[in-house]
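This report refers to the structure that appears directly beneath it.
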Amino acid sequence: MQRSLLQYAIFLGVFALLVGAVHYYLWHRMLRAPALHARVQTWGKRLLVGLGVALPVALIFGRTLPRSLSALLSFVVYSWMGIAALLASALLLSEPMRAAVHALSKFSARPLDEARRMFLSRTIAGSAGMITFGLAGSGAAEALGEVAVRKVPVALRRLPKEMSAFRIVQLTDVHIGPMIGRAWLAEIVGRVNALDPHVVVITGDLVDGSVEALREHVAPLGDLRAKYGVYFVTGNHEYYSGVGPWMEELARIGVRVLHNERVTIGEGAASFDLAGVDDWTGGSYAKGHGPDLAKALAGRDPSRELVLLAHQPRQIFEAAAAGVGLQISGHTHGGQIFPATMLVRLQQPFVAGLDKLGDTQIYVSRGTGYWGPPMRVGAPAEITLLELSSAAAG
């Protein structure tokens, strides 16, 4: 418990420093460098300070507020988070051009004077602002619109021929919380059922809040229908939200939690193994948790096909060593807002889509919901339909 509190404190400290640095940069490039009117600079600075402070405050206290107020606060604050990230990215991309103009001016017959410097700064700031709000608008439309079904064919060498055309529907990173609730999830469940899946898997980060606060909003998962069942593995956000009560609640509504466990999918020889492990960080937050693939695979027949549910893609290295045929993951959101994709790659070996490490394939979903900013730029949400086939059948 003390370790998890220390980790959370460190996260908040780093987050606050990052927020402060981004807002200072925005003030410098959007207000100070363009030399806007003094009154505009004053009110702009106050607005940036207020929004900057609101971000960590909302992160800490957002869950303690009534849902209606929390939803409004989250929408405003996290929308600004997305806008600020896009704006800072656009301005950072302009820095090489700005530096080149300044360098060339030293060799020009007319070096940049104060007026021309101001014009350059205002042009860059205005262009960055227009690009940002265009991307933010389209990103909000993408995040808040209908979630697309993404069909992904996967050939597995040990899958019995009789199981070709086996359908696994994956939901992940749903993030039921202040901004995503029951009505939205009920629609997703209806669309999943329409795909007539053999198995439904939920690969973590289902919730952002306690069972008491979100029970009714998660309830539609009890209406999921799949021939061989609905399975769940924990993500890091379950450990922020009370993992024990959530495991009990999901079991109550008919969702099987794979807590470093393995089950048989199918009947007799026409079957494969489905295993699930805890989130990579689970051991830091709850006793008896953390990924234990060896436990999940103990006593397994290695000639059988093996599909692994693991929230974070970085589990792939151990999975490949253990002979997993396919790992199904989430966590990354596909970056959610470009260019965050490049930052995700610093932590995870794979960010989105179907890939391979040795003989082990991995599919990483971009996620079904969103976290933080209600925006998706270059990383559309998805309901994933994995259509398995036997490589031997080909």
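The values are calculated or read from the model by the stated rules, or taken from the named source; none is laboratory data. Model, not experiment: these values are computed from the prediction. Positions of Cβ are generated from backbone atoms using ideal geometry, with glycine treated the same way; all protein chains shown enter the neighbour counts. For accessibility, only protein heavy atoms count, side chains too; no ligands or nucleic acids. Shrake-Rupley method; radii C 1.70, N 1.55, O 1.52, S 1.80 Å.
Numerical summary
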{"quantity": "Cut-off under 5 Å, modelled amide H: who pairs with I383 long-range", "calculated": "A148, V149, R150"}
{"quantity": "Net +/- balance of residues flanking A38 in space, Cβ distance below 12 Å, scoring K and R +1, D and E -1", "calculated": "+3"}
{"quantity": "Relative contact order (%) - segment 52-174, alpha-carbon pairs under 8 angstrom, separation at least six", "calculated": "24 percent"}
{"quantity": "Whole-Å semi-axes of the chain's equivalent ellipsoid (Cα gyration tensor)", "calculated": "44, 24, 19"}
{"quantity": "For I337, residues with placed amide H under 5 Å, excluding near neighbours", "calculated": "V377"}
{"quantity": "Gaussian network model of the chain, springs between alpha carbon atoms under 10 Å - residue of F272, F107, F350 with greatest fluctuation", "calculated": "F107"}
{"quantity": "Relative packing of peptides 300-311, 25-36 - highest average C-beta neighbours within 10 Å first", "calculated": "300-311, 25-36"}
{"quantity": "The chain: DSSP helices with Cα axial extent of at least 24 Å and average Kyte-Doolittle hydropathy no lower than 0.0", "calculated": "2-27, 38-61, 67-105, 114-144"}
{"quantity": "Distance in nm between pseudo-label sites at A194 and L47 (7 Å out along the Cβ direction from Cα)", "calculated": "4.1 nm"}
{"quantity": "For F166, residues with placed amide H under 5 Å, excluding near neighbours", "calculated": "L388"}
{"quantity": "Hz values of 3J(HN,Hα) by residue in segment 312-317 - Karplus curve (6.51, -1.76, 1.60), Gly and Pro given as x", "calculated": "9, x, 5, 5, 4, 5"}
{"quantity": "GluC sites (Glu not before Pro) restricted to segment 137-181 and DSSP loop, no more than 12 other C-beta within 10 Å", "calculated": "E146"}
{"quantity": "The chain: most fluctuating residue of T332, T360, T172 per GNM, C-alpha cutoff 10 Å", "calculated": "T360"}
{"quantity": "Listed pairs K161/K227; K151/K295; K287/K356; K151/K287; K295/K356; K151/K227 exceeding 30 Å between Cα atoms", "calculated": "K151/K295; K287/K356; K151/K287"}
{"quantity": "Whole-Hz couplings from phi, Karplus 6.51/-1.76/1.60, listed for segment 275-280; x for Gly and Pro", "calculated": "10, x, 10, 5, 4, 3"}
{"quantity": "Under the Karplus curve 6.51 cos²θ - 1.76 cosθ + 1.60, θ = phi - 60°, whole-Hz ³J(HN,Hα) for segment 370-378, x wherever Gly or Pro sits", "calculated": "7, 10, x, x, x, 8, 9, 10, x"}
{"quantity": "Of I253, I362, I383, the one that fluctuates the most in a GNM where the chain has Cα springs shorter than 10 Å", "calculated": "I253"}
{"quantity": "Alpha carbon centroid spacing (whole Å) that separates segment 288-337 from segment 116-131", "calculated": "48 Å"}
{"quantity": "With every protein chain in place, the chain: carbon and sulfur % of accessible area (1.4 Å)", "calculated": "62 percent"}
{"quantity": "Per residue solvent-accessible surface (Å²) - the chain, probe of 1.4 Å", "calculated": "46 Å²"}
{"quantity": "Loop-resident sites, segment 104-169, for trypsin sites (Lys or Arg not before Pro), counting at most 15 other Cβ within 10 Å (DSSP)", "calculated": "K106, R157"}
{"quantity": "Relative contact order computed over the chain (Cα-Cα under 8 Å; 6+ residues apart), in percent", "calculated": "20 percent"}
{"quantity": "Beta bridges by DSSP in the chain, antiparallel share as percent, to the nearest 5", "calculated": "35 percent"}
